[in-house]
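Structure record follows, encoded as structure tokens.
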Amino acid sequence: MTDPTRRNRLEDEESPYLRQHADNPVNWQPWDEAALEAAAERDVPIFLSIGYSACHWCHVMEEESFQDEAVAEVLNENFVPIKVDREERPDVDSIYMTVCQLVRGQGGWPLSAWLTPEGKPFFIGTYFPPEGQRGQPGFRDLLERISDSWESAEDREEMEHRAQQWTDAAKDRLEETPDTAGTGGSAEPPSSEVLETAADAIVRGADREFGGFGTGQKFPQPSRLRVLGRAYDRTGEEEYLEVLEQTLGAMASGGLYDHVGGGFHRYCVDREWTVPHFEKMLYDNAEIPRAFLAGYQLTGEGRYAEVVEETLRFVDRELTHDEGGFFSTLDAQSESPETGEREEGAFYVWTPTEVHEILENETDAALFCRRYDISESGNFEGRSQPNRVVKISQLAGEFDLEGSEILKRLDSARQRLFDAREERPRPNRDEKILAGWNGLMISTYAEAALVLGDEGYAETAVDALEFVRDRLWDADERRLSRRYKDGDVKVDGYLEDYAFLARAALDCYQATGDVDHLAFALELARVIEAEFWDADRGTLYFTPESGESLVTRPQELGDQSTPSAAGVAVETLLALDEFAAEGFEEIAATVLETHANKLEANALEHATLCLAADRLESGALEVTVAADELPETWRDRFTSRYFPDLLFAPRPPTADGLEAWLDRLGLEDAPPIWAGREARDSEPTLYVCRDRTCSPPTHDADEALEWLGDSGESMDDGSDAPF
């Protein structure tokens, strides 16, 4: 039988990241049974390299080491080299990144791990230079030393012992639950106080000078911002709102935001939010706008809504498949017009000369450069990433122009620069369509449809949901796959895929009143229970019960670059329990009970689970609408205000219409959120309930809001935005 590891097999893969390495002299293997069996057959270690297509240092290590024939020879002869796209296989990434963080104190990509043929790690790191430097070994030298040690019986015994220790540590961190889990022991779900605990920790870590969190690199933390918004709503504590507003302002005005084309970059490399790491990720451009929508509802600041609209235009233009569905990333690098080399940020940065040549009008060019800090010295390698640094009022004084005239000139300048930028060589796009990430983006479009009143957003959300459902959901097998690309479907779905997509389907139901979306959300929730819920352990695992067996079965409790899969699952199960009495709330409550000590000890790292704990205790604000469609004025009255636990529950106006819905959902009886809540007087009728107490049926949204004790004042148009 031919050894499959004697050739590079990545040309057979659809992942853009894996295909980037298909021409390497290294005999890369995908993570599959053939590669793992070959390692056992040859009795050699596995070299595991994990990255993603937009990863800068992944590209660097490829150029320096993986394209080197001498390095390839050592790898091919002495190891089975396996390349993993972390976006396709977050389970594999989670396990070995956890080991890296436990052993090294930090992680990152590319992740480089050496494993026994059984997959147990015995040496781990991130980027390794080709030659040793600053106490770090050179990559080829490290390969040779590890290979020599593997051949030594004494050294190998020590390596295998270490591998078992590290695997046990990862298992303890990722898989294990407290001894009382699932037993109905003494633990209880954490109360809503854990939300304030998290908010207080967020405020303590806030950078009150520049916004955001910490004093080094600045990452968007949308889950933390959601905690601040909800904690402010619960308590009225002004400091929560101040930190939220300062951070939203910093993200919207600094280099994290693309001021020419809209959308957010991954993170900023400096405390001041000036220079980003330039890749654009789908999940950031889903989750960050949700934080801005919350800010808009809380404050009425018009600029927050503007940022959402501009970001969604970017997603429409650059990350949307022609038939619906959303692509994964845009690379940080693109070809530089000057050098012809691929350089980070080349597509986005400017010089004053370029701005003046494109705009031609000296005043327009000077205004744009002053407003957006385009200078001769630059802020990024001699060029400038636009940052909004000067207020319109200040420009009005400097240029002796009316503010309205300046805004008009800047809008025109921005459009002309955008048109010119479109002619530049573009960053590569990773066209994987991932179920979970699409779920995040669909939810944002559905929420924007309600909050901003644009039906086009709802149409985009539904188109994407149907795209993913048609291509990745197998209704007969009741299974969701994770990835679609060019007709190829791969990888069993993880908890994040089911949970994020279930929430998205529920959000589409709320935005459109289409019961089919609710039915799909319930189907996904039932699979979450069947495949990811472990009643004995009292937890939700990240990988399906019927899926591939790895060295440990991870949970995902903490928020990372995406929200906690377990947290979103718990929130979604709580919401869906309002529609189907299938024990979803009991599962959600048990998960929170199991991990109560973890949340209370470190609320900051478990923001989404803290939000879920608050939702469990506070319950939903049920807004049942008995009508053929949601009246526009009702939508505006409820969604223009901040109700973080709002659950829209449209239903047909008549009992006969509801019966057809119940048949579609496979329900024998109407759930309480719908039961007895028909339209009155043949008019759209509104029922508002909180804490099992309901308003009288009404045809007037203001009456319902009055019952809630909220007058629903009008929103500020944001014309005096401070940034």
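The values are calculated or read from the model by the stated rules, or taken from the named source; none is laboratory data. This one's a predicted model, so the numbers in the text were calculated from it and none came from an experiment. Quick reminder, even Gly has a Cβ in these numbers, built from the backbone with ideal geometry, and neighbours come from all protein chains shown. All accessible areas refer to the heavy atoms of the entire protein, side chains included, with ligands and DNA or RNA removed. Shrake-Rupley method; radii C 1.70, N 1.55, O 1.52, S 1.80 Å.
Looking only at region 326-364, how many residues end up being touching a Pro at 6+ places or on another chain (Cβ under 6 Å), in a loop (DSSP other than H, G, I, E, B) and not acidic (Asp, Glu)?
The first filter runs over region 326-364 and keeps only residues touching a Pro at 6+ places or on another chain (Cβ under 6 Å), leaving 330-331, 334-335, 347.
Those still in the list that are in a loop (DSSP other than H, G, I, E, B) too: 331, 347.
Adding the requirement that they be not acidic (Asp, Glu) leaves 347.
Of the residues in that region, 1 qualify.
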*Which members of region 242-255 meet the condition of being without any contact (Cβ under 8 Å) to a residue 60 or more places away in the chain and touching a Gly at 6+ places or on another chain (Cβ under 9 Å)?*
VAL243, LEU244, GLU245, GLN246, THR247, LEU248, ALA250, MET251
*Tally time: how many residues in region 379-392 are free of Cβ contacts under 8 Å to residues at least 24 places away in the same chain and either open to solvent by 50 Å² or more (accessible area, probe 1.4 Å) or over 20 Å from THR274 (Cβ atoms) (or both)?*
1
_For the list (1) assigned to a strand (DSSP E or B); (2) open to solvent by 10 Å² or more (accessible area, probe 1.4 Å), I need the number of the one condition that TRP114 fails._
(2)
*Considering LEU395, LEU330, which residue is touching a Gly at 6+ places or on another chain (Cβ under 9 Å), in contact (Cβ under 8 Å) with a residue 12 or more places away in the chain and within 28 Å of TYR283 (Cβ to Cβ)?*
LEU330
*asked:* Where the second residue is small (Gly, Ala, Ser) and the first is open to solvent by 70 Å² or more (accessible area, probe 1.4 Å) and lies in region 457-473, which pairs have Cβ atoms under 6 Å and are six or more apart or on separate chains?
replied: ASP463/GLY324
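Within region 588-624, how many residues are of a type outside the set (A, V, I, L, M, F, W, C), farther than 30 Å from GLU678 by Cα and out of contact with any strand residue (DSSP E or B) (no Cβ under 6 Å at 6 or more places or on another chain)? Give the steps one after another, and end with the answer.
Of region 588-624, the ones of a type outside the set (A, V, I, L, M, F, W, C) are 590, 593-595, 597-598, 600, 602, 605-606, 608, 614-615, 617-619, 622, 624.
Narrowing further to those that are farther than 30 Å from GLU678 by Cα: 590, 593-595, 597-598, 600, 602, 605-606, 608, 614.
Remaining after also requiring out of contact with any strand residue (DSSP E or B) (no Cβ under 6 Å at 6 or more places or on another chain): 590, 593, 595, 597-598, 600, 602, 605-606, 608, 614.
Counting residues in region 588-624 that are of a type outside the set (A, V, I, L, M, F, W, C), farther than 30 Å from GLU678 by Cα and out of contact with any strand residue (DSSP E or B) (no Cβ under 6 Å at 6 or more places or on another chain) gives 11.
Within region 343-351, identify whether any single residue is open to solvent by 60 Å² or more (accessible area, probe 1.4 Å) and at pLDDT below 95, and answer yes or no. If you could, list the steps in order and put the result at the bottom.
Going residue by residue through region 343-351, those that are open to solvent by 60 Å² or more (accessible area, probe 1.4 Å) are 343.
Checking the rest, the ones that are also at pLDDT below 95 come to 343.
Yes, that holds for at least one residue.
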*Which members of region 624-681 meet the condition of being touching a Ser or Thr at 6+ places or on another chain (Cβ under 8 Å), of a type in the set (D, E, K, R) and in a loop (DSSP other than H, G, I, E, B)?*
ASP645, ARG677, GLU678
*asked:* Could you tell me how many of the residues in region 685-706 are part of a loop (DSSP other than H, G, I, E, B) and either open to solvent by 50 Å² or more (accessible area, probe 1.4 Å) or under 21 Å from ALA581 (Cα atoms) (or both)?
replied: 6
*Can you name the number of the only condition in (1) touching a helix residue (DSSP H, G or I) at 6+ places or on another chain (Cβ under 7 Å); (2) within 30 Å of GLY340 (Cβ to Cβ); (3) open to solvent by 30 Å² or more (accessible area, probe 1.4 Å) that ASP430 fails?*
(3)
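Is it true that some residue in region 515-529 is of a type outside the set (Gly, Ala, Ser) and at pLDDT below 95? Reasoning before the result, please.
Residues of region 515-529 that are of a type outside the set (Gly, Ala, Ser), as a first pass: 515-518, 520, 522-524, 526-529.
Retained after the next criterion (residues that are at pLDDT below 95): none.
Checked region 515-529: no residue is of a type outside the set (Gly, Ala, Ser) and at pLDDT below 95.
Yes/no per residue for (1) surrounded by fewer than 20 Cβ atoms within 10 Å (Cβ to Cβ); (2) of a type in the set (Lys, Arg); (3) not in a loop (DSSP other than H, G, I, E, B):
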| residue | (1), (2), (3) |
| --- | --- |
| ASN27 | no, no, no |
| ALA34 | yes, no, yes |
| ALA54 | no, no, no |
| GLU64 | yes, no, yes |
| VAL74 | no, no, yes |
*How many residues does region 525-540 hold that are in contact (Cβ under 8 Å) with a residue 60 or more places away in the chain and either open to solvent by 10 Å² or more (accessible area, probe 1.4 Å) or under 19 Å from the mean Cα position of the chain (by Cα) (or both)?*
4
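Residue by residue, here is whether (1) more than 22 Å from ASP454 (Cα to Cα); (2) open to solvent by 10 Å² or more (accessible area, probe 1.4 Å) holds:
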residue: GLU242; (1), (2): yes, yes
residue: GLN246; (1), (2): yes, yes
residue: TYR257; (1), (2): yes, no
residue: ASP270; (1), (2): yes, yes
residue: ASP284; (1), (2): no, no
residue: GLY302; (1), (2): no, yes
residue: VAL307; (1), (2): no, no
residue: ARG313; (1), (2): no, yes
*Run TRP166 past the list (1) open to solvent by less than 70 Å² (accessible area, probe 1.4 Å); (2) more than 30 Å from VAL591 (Cα to Cα); (3) assigned to a helix (DSSP H, G or I) and report the number of the one that doesn't hold.*
(2)
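Run down ASP636, ASP663, ASP628, ASP614 and say which single residue is open to solvent by 20 Å² or more (accessible area, probe 1.4 Å) and modelled with pLDDT of 95 or more.
Numbers: ASP636 fails: modelled with pLDDT of 95 or more; ASP628 fails: modelled with pLDDT of 95 or more; ASP614 fails: open to solvent by 20 Å² or more (accessible area, probe 1.4 Å).
Checking each option against the conditions leaves just ASP663.
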*Just one of the numbered conditions (1) in contact (Cβ under 8 Å) with a residue 24 or more places away in the chain; (2) surrounded by fewer than 22 Cβ atoms within 10 Å (Cβ to Cβ); (3) under 25 Å from SER53 (Cα atoms) is not true of GLU376; which one?*
(3)
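Taking region 78-122, which residues are of a type in the set (Asp, Glu) and without any contact (Cβ under 8 Å) to a residue 60 or more places away in the chain? Spell out how you get there, then give the answer.
Here is the first cut: in region 78-122, the ones of a type in the set (Asp, Glu) are 85, 87-88, 91, 93, 118.
Matches in region 78-122: ASP93 only.
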